[in-house]
Amino acid sequence: MDNLREGIQNHIIELQLEIDNIFARGRNSVVSEVTVGQIYGGMRGLVALACNTSYVDPYSGLYIGKYTTNEFSDKLPEEIFFLLSTGKFPDKESLADFQNDLNKRAKVPQYTWDVLRSLPKDTHPMTMLSLGILSMENESVFKKEYQKGLQKADYWKYTLEDAMNILAKLPELAAGIYRIRFGDGNLIPYDSNLNWSGNLAHMLGVNDDEGFADLMRLYLVLHCDHEGGNVSAFTSRVVNSALSDLYYAVSAGLNGLAGPLHGLANQECLRFILKIHDQLGADPDDKELKKYIIDTLDSGNVIPGYGHAVLRVTDPRFTAFMNFGNDNCAGNHCFKIAKKLFKLVPDILSAYKGGKVASPWPNVDAMSGSLLYHYGLNQFDFYTVLFGVSRVMGFCAQNILALGLGQPIIRPKSVTNKWVIDKLDEN
Ligand code: NMX
Ligand code: MLT
């Protein structure tokens, strides 16, 4: 992985130069302000972080570097990790070198399997993923080097080592979780002739179809990163900013991803679709489906897979999944219901309670489950694990770059109501 390390090193130098120039133009310049609404409203829309792995434009969606979602969605996840962390796609040789390195590190230690097999049978797969990674924390190269006395400028290099060790093990870990939790517990061996996503598809043992392997590739590409302020990436970065190593930081990020307003929405979407199927049949008419959606809202529930804290258009990742579905799963009943929901939900959400929903459009989670279901991966409790495997690439890249740039511990200031009242009185 020499080329990856060198690519990151060069990227850190470029980014540092940009930051130096920004600081030269005015370290104390005001570029954003905070409203009372934002202080009490989850800081949505507040610009208070820099993240150079990816950027989410409210109207055109996810960019990695200069590439739009459409421009990178045909790549391999390994190429995406390279892009996230170096700002460039790898050439052939760098890709092969990176993949070889992943192969060498792919084996999950026996003690992790022992931990996972000792859990209650109905443990959520996201708990197993987070715990599986945390169980390996003792392997952290960063931690060992830090204890020996590591220079700050080298933090990122050993964090990269940890990232490689974690990323390499994710296909085996995730597939093993699936087979322990939903199968007979026998693990399918890793195949070093396959790439990262190909191995995951193979070791799940669900489907040998090439379409499924391609869906895994697309899935792991599309969920990789979504700038720095989302719950899981931000959590991971905050934890790592205390110099808790990447095992702690990744596990923490995954714990955030496990919430139904974030990554768990993908399992909730399929649950929602299956309920519609059970109650209204495979081909509900628009009128009854509209009523179902409105009843769901009136009973105080969200429509999973719709809305976003940043996006204000249909998520291009949703569109990429829908295009895949049109090409590969057009006749599937879940896919058809997901498409009907796309036709109806935005108008309903736009009009709901005077338009209080900021974005009525589908996000990444609205379609992905139907595609997995089509290929026989129908245990929807597992879906967020796949989201997590992909999103760990973003956590790793964000933390490596932040450490490379010498970013300090994250510690924003909180205030009391009294402070806000006094401030308002002053104005
Ligand atoms: N269904 C019903 N109500 C919604 C929805 C939705 N899909 N989206 C937003 N709202 C409500 C929201 O609950 C809030 O209501 P209240 O004032 O009563 O608390 C109101 O609209 C305003 O919220 P927004 O400002 O539009 O959205 P916010 O930025 O707070 O939250 C989400 C963003 C993504 C958490 C929210 O849209 C949501 O809960 N969506 C459904 C869950 C989901 O799909 N999450 C996945 C996001 C992507 N990911 O993978 O992480
Ligand atoms: C996403 O992938 O949509 C998220 O991580 C949620 C977000 O960006 O807020």
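The values are calculated or read from the model by the stated rules, or taken from the named source; none is laboratory data. Since we're looking at a predicted model, the values are computed, not measured. When we count neighbours, we look across all protein chains shown, and the Cβ atoms used for this are built from the backbone with ideal geometry, even at glycine.
A few points about this structure:
- Odd one out for Lys413, checked against (1) modelled with pLDDT under 95; (2) under 25 Å from Ser244 (Cβ atoms): (1)
- Among residues of segment 204-231 that are within 21 Å of Val310 (Cβ to Cβ) and within 14 Å of ligand 1 (Cβ to nearest atom), those with a beta-carbon under 7 Å from a residue that is assigned to a helix (DSSP H, G or I) and of a type in the set (Val, Ile, Thr) at least six positions away or on a different chain give the pairs Cys224/Ile80.
- If you go through segment 206-222 and pick out every residue that is outside any helix (DSSP H, G or I), of a type outside the set (Asp, Glu) and surrounded by fewer than 21 Cβ atoms within 10 Å (Cβ to Cβ), you end up with 1.
- Restricting the search to helices (runs of 4 or more DSSP H) fully inside segment 112-203 and requiring at least 3 residues that are surrounded by fewer than 20 Cβ atoms within 10 Å (Cβ to Cβ) and more than 18 Å from the chain's Cα centre (by Cα) gives 141-149, 155-182.
- Asn52 being in contact (Cβ under 8 Å) with a residue 40 or more places away in the chain, of a type in the set (S, T, N, Q) and in contact with a His (Cβ under 9 Å, 6 or more places away or on another chain): yes
- Residues that are in a loop (DSSP other than H, G, I, E, B) and within 13 Å of ligand 2 (Cβ to nearest atom) were ranked within segment 363-381; the one that is surrounded by the most Cβ atoms within 10 Å (Cβ to Cβ) is Val364.
- Scope segment 278-307; condition under 28 Å from the mean Cα position of the chain (by Cα), away from ligand 2 (no atom under 16 Å from the Cβ) and either over 21 Å from Lys356 (Cα atoms) or hydroxyl-bearing (Ser, Thr, Tyr) (or both); matching residues: Thr296
- Index of the failed condition, Lys353 passing every other in (1) in a helix (DSSP H, G or I); (2) surrounded by fewer than 19 Cβ atoms within 10 Å (Cβ to Cβ); (3) at negative phi: (3)
- Residues in segment 308-320 that are outside any helix (DSSP H, G or I) and either away from ligand 2 (no atom under 16 Å from the Cβ) or under 20 Å from Gly369 (Cα atoms) (or both): His308, Thr314, Asp315.
- Scanning segment 382-427 for residues being in contact (Cβ under 8 Å) with a residue 24 or more places away in the chain and assigned to a helix (DSSP H, G or I) gives a total of 25.
- Only one of Ile348, Ile294 that is within 16 Å of ligand 1 (Cβ to nearest atom) and buried (at least 16 other Cβ atoms within 10 Å of the Cβ): Ile348
- Inclusion of Val310 among residues that are surrounded by fewer than 21 Cβ atoms within 10 Å (Cβ to Cβ) and under 27 Å from the mean Cα position of the chain (by Cα) is warranted.
- From the list Asn255, Asn323, Asn266, Asn328, the lone residue that is away from ligand 2 (no atom under 16 Å from the Cβ), surrounded by 14 or more Cβ atoms within 10 Å (Cβ to Cβ) and touching a residue at least 40 places away in the same chain (Cβ under 8 Å) is Asn328.
- Evaluation of Pro346 against (1) more than 16 Å from ligand 2 (Cβ to nearest atom); (2) in a loop (DSSP other than H, G, I, E, B); (3) closer than 27 Å to Phe72 by Cα (one fails), failing number: (2)
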